[in-house]
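One structure is given below, encoded as structure tokens.
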Amino acid sequence: MTISEDQAMDLLRRFGKAFNRADVDGILACVTDDFVWVQAEGPDAPDGRVRRGRDEVRDALAERDATYRDVRFSETAVHFAGDRVIGTFRATGSHAADGAPYDVRGVDIYSFRDGRIASKDSYWKRII
């Protein structure tokens, strides 16, 4: 890992708080310019959907806001695994189209470079 565990924890706290608030600028302040986000769902088989760079991350967050409402992250835990960090979480909210509940458990695998998050590889298990 290119940063210490303490630095990684501080960075992930800031990233997580920004993610919970849907604070795009706060999220982008935590990631590299060439950040890669491999989303849990999408057309880019076998990866889900791969977002590259700040503009695509901004687009992904706008799509999330249009698809889901009141998204909240809870039950978070962070595990250090060599040069990666594994974060587990629960995300709840509702579908924007019909108000149906949304509830998933997830795992994110993070990599770091130059004091920022370089990648986030996401996996979900749907509860509802």
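See the values below:
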quantity	calculated
Qualifying positions in region 93-110 - under 17 Å from residue 9 (Cβ atoms) and free of Cβ contacts under 8 Å to residues at least 60 places away in the same chain	108, 109
Condition broken by residue 74, with the remaining ones in (1) over 18 Å from residue 17 (Cα atoms); (2) without any contact (Cβ under 8 Å) to a residue 60 or more places away in the chain satisfied	(1)
Number of the condition not met by residue 74 [criteria: (1) of a type in the set (Ser, Thr, Tyr); (2) surrounded by fewer than 12 Cβ atoms within 10 Å (Cβ to Cβ); (3) at pLDDT 95 or above]	(3)
Residue list for region 1-10, restricted to those being surrounded by 15 or more Cβ atoms within 10 Å (Cβ to Cβ) and assigned to a loop (DSSP other than H, G, I, E, B)	1, 3
Candidate set: region 94-128, residues that are farther than 30 Å from residue 7 by Cα and among the small types (Gly, Ala, Ser); chosen: the one nearest to the chain's Cα centre (by Cα)	94
Only listed residue being part of a strand (DSSP E or B) and touching a Pro at 6+ places or on another chain (Cβ under 6 Å), chosen from 94, 74	94
Every residue from region 91-110 that is of a type in the set (Gly, Ala, Ser) and surrounded by fewer than 17 Cβ atoms within 10 Å (Cβ to Cβ)	94, 96, 97, 99, 100
Subset of region 11-62 (residues that are part of a helix (DSSP H, G or I), surrounded by fewer than 14 Cβ atoms within 10 Å (Cβ to Cβ) and either within 11 Å of the chain's Cα centre (by Cα) or not basic (Lys, Arg) (or both))	25, 55, 59, 62
Region 108-128, residues that are among the hydrophobic types (A, V, I, L, M, F, W, C), more than 18 Å from residue 61 (Cα to Cα) and assigned to a strand (DSSP E or B)	109, 112
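The values are calculated or read from the model by the stated rules, or taken from the named source; none is laboratory data. Just so we're clear, the structure is a prediction, and the values are computed from it rather than from any experiment. No Cβ is skipped: glycine too gets one built from the backbone with ideal geometry, and neighbour counts run over all protein chains shown.
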